[in-house]
Amino acid sequence: MNHQTLLLAQENPQRYRITRYKVTLIWMIRMTPSTSNHLNRLRKSSLLATAASGALLAMSASASADAPSVVTSIKPLHSIAAAVMEGVGEPVILIDGAASPHGFALKPAQASQLQNADVVFWIGPDLAPSLEKPISSVASSATVVEMMDAAGISHLGIREGANFDAHDHDHGDHGHDEHAEAGHDHDDHDHEKHADHDDHDHDHDKHAEAEHDHDDHDHEKHADHDDHGHDHDKHAETEHGHDDHDHEEQAHSGHDHDGERDAHIWLNPDNGIAIAAQMAATLAKVDPDNAATYQKNAEAFSKQIEALEHDLEHELEGTAGKPFIVFHDAYHHFEHHFDVEASGSITLSPEALTSAERVKEIRHKIEDIGVVCVFQEPQFEAKLVNVVIEGSDARIGTLDPLGTELQNGPDLYPNLLKGLATSLGDCLKG
């Protein structure tokens, strides 16, 4: 320690602090009245800011606590529910990302969410049969809504075989009368293209040779590809004459599909609006204090989707009549609504091996009618698609019925529809 510094410290103890190893200068602030007032103002501002922040957090926590606990099954339903609940709360999603609705196993935390749910929105066992038992048992105290049975939903029959021929245009009840009753006036939308599909009088028995059964088939089997339990390289061998038919297709030949409905209902924009209306009505009963907000949000959602429909129609101009093949038959509701129908699907189920005969049928179809595009799906490898288009002029596009790569939230559903229209338009128009 410097001797001179030590002497200064001893002479001016009010300015220095002396320790065993050092002398520290103590900075003295002369508190003038103005300085004191300034510090007081700073202290008051800080206290007010802290109080305001605490109040906002308390209000947010209170709003969250007051909101009903809503559980949804798949990403598109979660998105619509998020739009309807905006400003009140946020729904929970069970089957996220590329997880498969078919054979989906609940995690303990998800079982707890179901157990504590006030409301559960799901498509129904047609799409996710594995959720039927957990919802009925674990969520027994919740209000459960199957959207397949919601008012205003338009339905289509299941298409059969590798080729979708003229018979696939004879479909079931579209429910447009119910839809109008739900409060959605679509006078400006052209529904005439649906008018000839009101009578479900088609005899599916004559298609018994389609060689497959949909009893176990969930059209939305988007499991992680690593869990498929088979190597897509096996598909590549099918073009070389291997006659190892898909056991699922072979074993259940002759099954009668009369009355079965395509579960991908959300891909029809009108159905998306009907789903939002059903959600708003359900939530209004469960949470009447926020009924006006739910109704207002559902109406805003309806207007948004109606406006989007016009944009999508413009996007798809020039695509009608251009033949294309989809990876699996998940898009019929979208195709039918916008009058741009697929000519066939590569696979009955993306999780089952595709038979050599089916691949052969698709290859002939591509050649015979001049298929413009064959669409893969982002969560599955493109090897099988490459096999069926080999030697043809068909292009490869990508379609995603669940929005697996889109961020969850109210924007996912409109972005999902936009993505389908853009992918179809870009590929078919070249």
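Every residue in the range 343-375 that is within 23 Å of the chain's Cα centre (by Cα) and at pLDDT below 95, please. Lay out the reasoning, then the answer.
So the first thing to find is which residues in the range 343-375 are within 23 Å of the chain's Cα centre (by Cα), and the list is 345-352, 374-375.
Matches in the range 343-375: Ser345, Ile346, Thr347, Leu348, Ser349, Pro350, Glu351, Ala352.
Which residues, taken from the range 89-116, are in a loop (DSSP other than H, G, I, E, B), farther than 13 Å from Leu127 by Cβ and either open to solvent by 30 Å² or more (accessible area, probe 1.4 Å) or among the charged types (D, E, K, R) (or both)?
Passing the criteria: Glu90, Asp96, Ala105, Leu106, Lys107, Asn116.
Looking at the range 301-316 only, could you name the residues that are surrounded by fewer than 15 Cβ atoms within 10 Å (Cβ to Cβ) and in contact (Cβ under 8 Å) with a residue 40 or more places away in the chain?
Within the range 301-316, the first condition is being surrounded by fewer than 15 Cβ atoms within 10 Å (Cβ to Cβ), and the residues that meet it are 303, 307, 310-311, 314.
Matches in the range 301-316: Asp311 only.
Sort out which residues of the range 301-330 are in contact with a His (Cβ under 8 Å, 6 or more places away or on another chain) and under 11 Å from Leu424 (Cα atoms), and write them in order of number. Before you say what the answer is, go through the steps one by one.
Applying the first criterion (in contact with a His (Cβ under 8 Å, 6 or more places away or on another chain)) to the range 301-330 yields 302, 306, 309, 328-330.
Once the filter is applied, which keeps residues that are in contact with a His (Cβ under 8 Å, 6 or more places away or on another chain) and under 11 Å from Leu424 (Cα atoms), the range 301-330 yields nothing.
Is there any pair with a first residue in the range 405-430 that is closer than 16 Å to Glu306 by Cα and a second that is crowded, with 17+ Cβ neighbours inside 10 Å and of a type in the set (Val, Ile, Thr) whose Cβ atoms are under 7 Å apart and which are 6 or more apart or on different chains, and what are they?
Tyr413/Ile80; Pro414/Ile305
Of the conditions (1) at pLDDT 50 or above; (2) part of a helix (DSSP H, G or I), Ala263 clears all except one; give me its number.
Checking Ala263 against (1) at pLDDT 50 or above; (2) part of a helix (DSSP H, G or I), the one that fails is (2).
Could you figure out which of (1) assigned to a helix (DSSP H, G or I); (2) buried (at least 17 other Cβ atoms within 10 Å of the Cβ); (3) in contact (Cβ under 8 Å) with a residue 24 or more places away in the chain isn't true of Ala284?
(3)
The values are calculated or read from the model by the stated rules, or taken from the named source; none is laboratory data. Everything numeric here is computed off the predicted structure, so don't read it as measured data. Note: ideal-geometry Cβ built from the backbone for every residue, glycine included; neighbour counts use all protein chains shown. Protein only, heavy atoms only, side chains kept; ligands, DNA and RNA dropped before computing areas. Shrake-Rupley method; radii C 1.70, N 1.55, O 1.52, S 1.80 Å.
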